[in-house]
Amino acid sequence: AARGASVFQDLPSLSGTFGFPVGACVILKDLQKAPQLNGLIGTVGSPKDQATGRVQIILRDGQVKSLRHENLKEVLTGAVVRLHGLQGAAELNGRIAECGDLDLTSGRYTVTLADGKYTTKRVKAENVELVKRYVQPIQIMSTQRRAFTWQSELHQGSEAFRQPWADSKSRFGDLGIPAPRLIPGPALVQLLETSEAGSGLALPEAVSAEQVPLDADGRLACRLLCVSCERDTCIPASALKPADVRRLALCAKALISHDQSRPPYFLLPETCVKALSCLHNAALCGWPLLMQVCQGLLCVESEHLSHKAWFRTEALIMNFVLSKPVYILSSKGEIVAGAKSKGGGWLLSDRKEDLSIANPMDGQVLPAERKLLEKMVNEVLPENVRKGSKFSAYRL
């Protein structure tokens, strides 16, 4: 392309006839009457109106604009991409990254590498290829074109834990939710056995959803537990302290001793997806559905846990919506798994105690997540428990 010309001008496109797909990310351009909007990013919220040639665009601040096709350009902003064809930094070819905003003048994207360090690079549009676009909070909060509703999907997935694991992964993919990465209990135990007594532990590497053990019918051959811990955001960069990780490892050891045929695997908020903000946001949107494939909630006891909005929400959802047990991982003392009383059955503990959960919306949560959490509480929880409730939990 000539200097200064668009790097996209020679690419064929059918969007002029059929419109951009709903959910596509676009950048606003060439607006004469509202030039202050040029360069802003939005999400396509409706099919193209064939009579007016306009589509509804949801901007990042929630505003909705009706714009013509020629004032929009589809971009990869917010998607997971793979780098390729780089000459000066060939070592980055094949790396996964999150695609940031496009500079219309230079034709370059700012991308964030999935290296855990949030390293950013500026690369030409021709050097990125789409891997997948995931659901984002703006789509869940939209009143016009919502990606999915939690209530409907929880109802459809009510037998998810009995279905082949591949079906759950496929369902997540269809909804734009990343398949979860999990912490293997046996890996925690191995770290525990090679560590100094009383020392803290770092979490082992999470494994992908493709690496979990399955039985002959393709169902999970492990005990999958969702972990709730003290945190102010749903998917934090880190949450468990080294001492908490040691307690989790001791719990894994007790669970394996109780039932070696079904080793525990843990869905931890901080390790459930790779370190990209778009994946964190997608996991946040799908968190009740990710909880649904687990067989219980394991609450890591700590001083301020009960004040956290996400803990309160998770405990209420697991007990009242998913009808699965809530366990408390004691902060000290011996960890004992298995029900000693007759008829204890499948429960991992018979040490029952009352757990009082206060109103989730009175709990601590980052302001950026409060509206979405409030929507989740109001739509997912039964009306009589939205402001808190009391139920039986089990202490390990």
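Worth a mention:
- Shape of the stretch 111-155, Cα gyration tensor, a/c cut at 1.5: prolate
- Calculated FRET efficiency, T194 to S323, Cβ-Cβ distance, R0 = 41 Å: about 0.60 to the nearest 0.05.
- Based on Cα contacts under 8 Å between residues 6+ apart, the chain shows a relative contact order of 12 percent.
- Within the stretch 226-257, backbone nitrogen closer than 20 Å to the virtual label 7 Å beyond the Cα of A202 toward Cβ: 236-250
- For the chain, the Cys residues with no second cysteine's beta carbon closer than 4.7 Å are C25, C99, C222, C229, C234, C251, C272, C278, C285, C299.
- Amide H contacts of Y134 (H built 1.01 Å from N, in plane; Pro and chain starts excluded): V80 sit under 5 Å, all sequence-distant by 5 or more or on other chains.
- Cβ-based charge dipole, the chain, positive-most Cα from L381, A197, L348: L381
- Accessible area (Å², per residue) of the stretch 142-290, counting only protein heavy atoms and a probe of 1.4 Å: 42 Å²
- For the stretch 50-93, the solvent-accessible area works out to 52 Å² per residue, with a probe of 1.4 Å and every protein chain left in place.
- Measuring how big the chain is from its alpha-carbon positions, Rg and Dmax come out at 23.3, 80 Å.
- With at most 14 other Cβ atoms within 10 Å, longest stretch of the chain clear of loop chymotrypsin sites (Phe, Trp or Tyr not before Pro) (DSSP): 119-345
- Backbone amide hydrogens, once placed in the peptide plane, bring R223 within less than 5 Å of Y265, excluding anything fewer than 5 places away on its chain.
- Positive-end ranking of Q211, F20, G53 along the dipole of the chain, with charges on Cβ about the Cα centre, is headed by G53.
- If both residues of a DSSP beta bridge must be in the chain, then about 75% of such bridges are antiparallel.
- Taking the protein heavy atoms of the chain in the context of the full set of protein chains, the accessible area attributed to carbon and sulfur is 48 percent at 1.4 Å.
The values are calculated or read from the model by the stated rules, or taken from the named source; none is laboratory data. These numbers were taken from a predicted model, which means no experiment stands behind them. Every residue, glycine among them, receives a Cβ derived from its backbone with ideal geometry; neighbour counts consider all protein chains shown. We work out accessible area using only protein heavy atoms, side chains counted, and drop any ligands, DNA or RNA first. Shrake-Rupley method; radii C 1.70, N 1.55, O 1.52, S 1.80 Å.
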